[in-house]
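Student: Next up is a structure, given as structure tokens.
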Amino acid sequence: MMIKVAIIGTGAISPSHIEGYLRFKDRCEIVALCDIYPEKAQAKLEKYGLDAKVVKDYKELLQDGIDLVSVCTPPYVHAQIAIDFLQAGSNVIIEKPMAASLKECDEINEAVRKSGKVLSVIAQNRFRTPMMKLKSVLDSGLAGKILHAQVDSFWWRGHCYYDLWWRGTWEKEGGGCTLNHAVHHIDALLWMLGRPGEVQAYMSNVAHDNAEIEDLSIAMLRYPDGALGQVTSSVVHHGEEQQLIFQGLNARISAPWSLKASTSKKNGFPEPDLELEAKIQGFYDQLPDLPYEGHTAQIDNVLTAIETGAPVLINGNDGRNTLELIMGIYKSASQGVNVTFPLLPDDPFYTQEGVREHATYFYEKSSHVENFADATITTGSKL
């Protein structure tokens, strides 16, 4: 069967989806592009030589029998678009973050349950060979019980980045670097270590006075078993070095891959555990590289789920769990409180309206541009 694909939103991230689908021309076909600025969709159609129709309103496509939709719009409209297509019988891929609120995540997941369709939330960093191998090493138990996790989600964005009309506001972007950049690494952390029991966080805006939202946050996590973690989210770090480090009882492992193991001298001081290092390295080396990476690999995963009924690696529950931790960080940082999970429907950070009312506003976004002339983007490291 040839899977008919539509892409809703043809901004900066859409080429990652278009190019991913074009890797599988024998399995799927892009039949429609939609954007509130149709000239942007037309430009993508011409750039990639697509035989597809261009529409301004996604609702024009709901009766077209689309098999799979990529939702690449700003986060504040993810939920309505996803729900409308699920109810119309389409499978859906949603760009990160899944939605602008936990309430909307729950509404999307309810639509998935009722429709029986496939939903996957983009977390393309899981589909990187170093991440997949790190996850396998963690699952092997060779590093021992994890005692401490360190996530450095370091990005850099210039002042004008937040001039784009929908960025830099709690209403339309839904948050700053914690939500829209560190989401990748927070998803990976939850995938590898599970949900913490509580979080204490701080956030600031130190370099972008044209945005309401944060450009730097630091979160301290406590896990039910006593392990601790720290997540730094940033768009002010030159070099954009990004890493996940897990300190186990037996060894330290990380992505990018690095390995250290220690054993104790008689006086308690460390010396290298070369035998364990060799064992873990051997395990790591025999793990296969992925045939595809990034968006392409996640699209392959979704196409396979549609074709075979196999589960997707990243579903709506995963997308919700990631947003819940992020909203916990925002609640803690905005209200100066220690936040415990889960966040329930009566929590002020459960809805868009509640977030907009209770979140910290750093600056007023006083002007904006509709589109940038330069549409190229970078995605930091391969993590």
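Student: Taking the conditions exactly as written (under 30 Å from Pro38 (Cβ atoms) and under 19 Å from the mean Cα position of the chain (by Cα)), does Ile314 satisfy them or not?
Tutor: Criteria not met by Ile314.
Student: On to the next question. Which of the residues spanning the stretch 316-347 are in a loop (DSSP other than H, G, I, E, B), aliphatic (A, V, I, L, M) and out of contact with any Gly (no Cβ under 8 Å at 6 or more places or on another chain)?
Tutor: Within the stretch 316-347, the first condition is being in a loop (DSSP other than H, G, I, E, B), and the residues that meet it are 336-338, 341-347.
Next cut, aliphatic (A, V, I, L, M) only: 337, 343-344.
Correct list: Val337, Leu344.
The rows are residues; the columns are (1) touching a residue at least 24 places away in the same chain (Cβ under 8 Å); (2) open to solvent by 50 Å² or more (accessible area, probe 1.4 Å); (3) out of contact with any helix residue (DSSP H, G or I) (no Cβ under 6 Å at 6 or more places or on another chain); (4) not basic (Lys, Arg).
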| position | (1), (2), (3), (4) |
| --- | --- |
| Lys4 | yes, yes, yes, no |
| Gly9 | yes, no, yes, yes |
| Ile13 | yes, no, yes, yes |
| Ile18 | yes, no, no, yes |
| Lys25 | no, yes, yes, no |
| Gly49 | no, yes, yes, yes |
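Student: Moving on. Among the residues that make up the stretch 318-332, is at least one of them open to solvent by 80 Å² or more (accessible area, probe 1.4 Å) and touching a helix residue (DSSP H, G or I) at 6+ places or on another chain (Cβ under 8 Å)?
Tutor: The answer is no; no qualifying residue exists.
Student: Go through the stretch 67-105 and report how many residues are in contact with a Lys or Arg (Cβ under 6 Å, 6 or more places away or on another chain), open to solvent by 10 Å² or more (accessible area, probe 1.4 Å) and either under 22 Å from Leu313 (Cα atoms) or among the charged types (D, E, K, R) (or both).
Tutor: Adding up the residues that qualify gives 2.
The values are calculated or read from the model by the stated rules, or taken from the named source; none is laboratory data. Bear in mind the structure is a predicted one, so any value in this text is a computation, not a measurement. Because the Cβ atoms are built from the backbone with ideal geometry, glycine has one as well, and the counts that use them run over all protein chains shown. Surface accessibility is based on the protein's heavy atoms, side chains included, excluding ligands, DNA and RNA. Shrake-Rupley method; radii C 1.70, N 1.55, O 1.52, S 1.80 Å.
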